[in-house]
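One structure below.
The values are calculated or read from the model by the stated rules, or taken from the named source; none is laboratory data. All figures in this text were calculated on a predicted structure; none of them were measured in a lab. Positions of Cβ are generated from backbone atoms using ideal geometry, with glycine treated the same way; all protein chains shown enter the neighbour counts. Accessible surface is based on the protein model in full, side chains and every heavy atom, while ligands, DNA and RNA are left aside. Shrake-Rupley method; radii C 1.70, N 1.55, O 1.52, S 1.80 Å.
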Amino acid sequence: MPKVIVINQAKKKFLQGHPLVRKEDVLDLQPTLEWIDFVDEKKRFIAKGYLGEQNKGIGWILSLKNEPIDGQLFAQKFKEAKQKRKAYFHAEDTNAFRIFNGEGDGIGGLTIDYYAGYAVVSWYNTTIYHHRQLIMENFLKVYPEILGIYEKNRFKSDLPESNHYVGKVAPEPLIVKENNVQYATYLNEGWMTGIFLDQHEVRGRLVDGLAMGKRILNMFSYTGAFSVAAAFGGASSTTSVDLAKRSLEKTKEQFAVNGITLENHKIHVMDTFDYFRYAKKKGLQYDVIVLDPPSFARNGKKVFTVAKNYGDLITDSLPILADKGMIVASTNASNVTVAKFKKMIEKSFQAAHVQYRLVERYQLPADFVANEKYEESNYLKVFIYQKL
């Protein structure tokens, strides 16, 4: 088994449970697709893991024990993860959730989502993908009830982004249920399926009363999942805004599968900041504004990043937010800490001389198990603020 030397400063964090390996943590970096031993500068064993470059880091620790990385290890991790999600499998109102969450469940570079009997497996680097047969064989031993598996390849390669791997082919759309709301999903249409499962608690809040009788504005709406949840939760009206042309038909479909007519529900294909200007000019007012942008977006020459521009979204929302209205401020940008995100939001309220109070906050739900030794693994941050 290849050995990779870890510098002394990094050794301590790995032994404390930090799972991500960065370039600066190791010496004599030699790319390999094999499992490796991480050793200290005196060649003493530290951990087992692998090197696999992805959008964060260059490898992952899989075990602090000097044990083989084999089928038994993967089967054990899948069993433990399944046990943690027992309540989800027994829920009557939801049948789509995450069943394996990368480093949170002990295997960085791999996530698996459950969609009404089907599994969607995401591979984040070449190395973990190289071992997919071993991993999937043991996954199916723990989940023999899975109807079919789809793969998403989220690393640079000539492979298709998405493909049907094994088992039954899922219907298109596959209708899943979350908080008793139905969503049309497509398991073989590239990286995205039509719904981001990490937001199910926040959508559940809209279903359970936050949206009741309210006018909802859903920015960066994608397929309109927040809008449909709000409509299901008794919103008087919803407005969905997204720049992508596909958002129009996708959002219409989400309303249709729930039997909700579009009479009080508008869908606009346009730039978010253009819509802010339009709404202000028309004197429109909203009781709840949902702001859940991608971490990075480009529209022509304009570039939006959460780290630099999220405050602008708050600033532009305030003139069209009704008195006592609420902003659902959300990001999945792992490079923005909870404290920084909160500060950005509140700075915009203060600059506009608008009084506010923080009503609720959310991070990843329980099915998206995070690694407490690695703060970035709990990437989702949602704050609900009320304008006073």
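Comparison of T251, T239 shows that the only residue that is part of a helix (DSSP H, G or I), among the polar types (S, T, N, Q) and not assigned by the TED database to the domain that holds H130 is T251.
Residues in the stretch 198-218 that are more than 23 Å from L284 (Cβ to Cβ), over 18 Å from the mean Cα position of the chain (by Cα) and open to solvent by 60 Å² or more (accessible area, probe 1.4 Å): D208 only. Taken over the stretch 274-332, the criterion of being at pLDDT below 95 and of a type in the set (A, V, I, L, M, F, W, C) is satisfied by F296, A297, V303, F304, V306, A307. Looking at the stretch 71-78, is at least one residue outside any helix (DSSP H, G or I) and crowded, with 16+ Cβ neighbours inside 10 Å? The answer is no, given that none of the residues of the stretch 71-78 is outside any helix (DSSP H, G or I) and crowded, with 16+ Cβ neighbours inside 10 Å.
Scanning the stretch 254-281 for residues that are within 23 Å of Q182 (Cα to Cα), assigned to a helix (DSSP H, G or I) and not polar (S, T, N, Q) turns up F255, A256, V257. In the condition set (1) open to solvent by less than 50 Å² (accessible area, probe 1.4 Å); (2) of a type in the set (D, E); (3) touching a helix residue (DSSP H, G or I) at 6+ places or on another chain (Cβ under 7 Å), D37 is compliant with all but (3).
Screening E67 against (1) open to solvent by 20 Å² or more (accessible area, probe 1.4 Å); (2) under 23 Å from the mean Cα position of the chain (by Cα) leaves a single unmet condition, (2). Between D316, D274, the distinction of being surrounded by fewer than 14 Cβ atoms within 10 Å (Cβ to Cβ) and not hydrophobic (A, V, I, L, M, F, W, C) belongs to D274 only. Look at (1) within 25 Å of G108 (Cβ to Cβ); (2) surrounded by fewer than 21 Cβ atoms within 10 Å (Cβ to Cβ) and you find that K381 fails only one, number (2).
As a summary of the residue check, K280 satisfies the conditions (1) out of contact with any Pro (no Cβ under 8 Å at 6 or more places or on another chain); (2) open to solvent by 60 Å² or more (accessible area, probe 1.4 Å) except for the one numbered (1). Of the strands (runs of 3 or more DSSP E) lying entirely inside the stretch 102-195, those carrying at least 3 residues that are surrounded by 19 or more Cβ atoms within 10 Å (Cβ to Cβ) and in contact (Cβ under 8 Å) with a residue 24 or more places away in the chain are 110-115, 118-123, 148-153, 174-178, 181-185.
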